[in-house]
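A short write-up of the structure that comes next.
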Amino acid sequence: GIYFAPDARLANAFASADGAGQRKLILARVACGKIADKASTLDPAVTGDAQWLNPTRNELDKQRLWQILRRPEHRRPPEGHQSIVGVDRRGAQGREDRTELVVFE
């Protein structure tokens, strides 16, 4: 699927800089179809790990996350849906909204 985020800070965290150090951001309205809710793939309840994954600061967690995202259940939406929304709100004060939307073909 294609990932979108309502908070530009989250998209910026995943964007790669070009040779001049610039990052590009596309502002878009997205037709989502029927949306299914999904737990964060960083959540221990999903991963089976002892704690939340932190792929932005830990290379082992980054590798673990890619293993999890390759599972079949993360490669398509549930039956009857065209997209999923995952929300990672652990209640930390001042933390950005980490809502992610994935739209599938």
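The values are calculated or read from the model by the stated rules, or taken from the named source; none is laboratory data. Source: prediction; values computed, not measured. Cβ coordinates were reconstructed from backbone atoms using ideal geometry, including for glycine residues, and neighbour counts include every protein chain displayed. Surface accessibility is based on the protein's heavy atoms, side chains included, excluding ligands, DNA and RNA. Shrake-Rupley method; radii C 1.70, N 1.55, O 1.52, S 1.80 Å.
Figures for the structure shown
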read-out: Filter result (surrounded by fewer than 12 Cβ atoms within 10 Å (Cβ to Cβ) and under 25 Å from Lys62 (Cα atoms)) within region 24-38; value: Lys24, Leu25, Ile26, Asp37
read-out: Failed criterion for Arg9 (all others in (1) open to solvent by 40 Å² or more (accessible area, probe 1.4 Å); (2) farther than 17 Å from Gly86 by Cα hold); value: (2)
read-out: Residues (among the hydrophobic types (A, V, I, L, M, F, W, C) and either surrounded by fewer than 13 Cβ atoms within 10 Å (Cβ to Cβ) or in contact with a Gly (Cβ under 8 Å, 6 or more places away or on another chain) (or both)) located in region 61-87; value: Trp66, Leu69, Ile84
read-out: Test result for His74, in contact (Cβ under 8 Å) with a residue 40 or more places away in the chain and under 18 Å from Phe4 (Cβ atoms); value: no
read-out: Residue within region 38-52 that is free of Cβ contacts under 8 Å to residues at least 12 places away in the same chain and within 18 Å of Phe104 (Cβ to Cβ) present; value: no
read-out: Within region 48-60, considering residues that are at pLDDT below 80 and open to solvent by less than 90 Å² (accessible area, probe 1.4 Å), the one farthest from the chain's Cα centre (by Cα); value: Asn58
read-out: Strands (runs of 3 or more DSSP E) lying entirely in region 1-91 (those with 1 or more residues that are of a type in the set (S, T, N, Q)); value: 83-87
